[in-house]
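Bear in mind that the values in this text are calculations on the coordinates, not laboratory data. Quick caveat, the model's predicted, so the values are computed rather than measured. With ideal geometry, Cβ positions are generated from the backbone for all residues, glycine too; neighbour counts draw on all protein chains shown.
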Amino acid sequence: AAGGKKASSALEFTIDLIVLDVYDVSPFMTKMSDGQLAWFERTLSQSTADWKIVVGHRPIFSAGSKHGSSPYMQKRVLSLLATHRAAMYLCGDDHELQLMESHGVLLGLSGGGARAKSDLRKRGLPETLFQAGVHGFMSVALTRDEIAVSVIDKAGTVLKRVVRSRVTDAPS
């Protein structure tokens, strides 16, 4: 590249993968400790990564009847994810495959590995992009500019693929 600057490619980017201790305070993730919540907010706010992906056990939203959605996670965790432009939150807990989106954050619930349940609400939730009570998993692929999430059943069939562009502007 001219001027000695390295040319940028679609494969040159940074990722912060942030994993939450979901059993920090209670076995059902009804609350995070104040210390972990402060650490989480500080980690997100200080991140300069191109992509921020957060992993936890408890879903923010779920159309499954076993655990379902968590108002606490919606209020405390989703708000931080949205404010600090996290691209995705991945979790399990309910034993289905669900892909949702809320406040610009993709929400992947990949709980169909150990067992598959078909106790999903028929129409899902307003946030639902896809849901299935089958064995399977999710694949997340990143380039500098896009995130692609595929929901795949145990036979290897892609059931749903969602692609989103990276948000680069400052939050409003």
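Computed from label points 7 Å out along Cα-Cβ, the spacing between residue 135 and residue 162 is 2.5 nm.
Ordered by packing density, taken as the mean number of other Cβ atoms within 10 Å over each peptide's residues, highest first, how do 127-137, 149-159, 95-105 rank?
Details: 127-137: 18.5, 149-159: 15.1, 95-105: 21.5.
Peptide ranking by packing, descending: 95-105, 127-137, 149-159.
Take each peptide in 34-41, 79-86, count the other Cβ atoms within 10 Å of every residue, and average; sorted highest first, the result is 79-86, 34-41. A simple count of charges around residue 93, restricted to other residues whose Cβ falls under 11 Å of its Cβ and scoring Lys, Arg +1 and Asp, Glu -1, yields 0.
Give the calculated FRET efficiency between residue 66 and residue 155 to the nearest 0.05, with a Förster radius of 22 Å applied to their Cβ-Cβ distance. So, using R0 = 22 Å, E works out to roughly 0.35.
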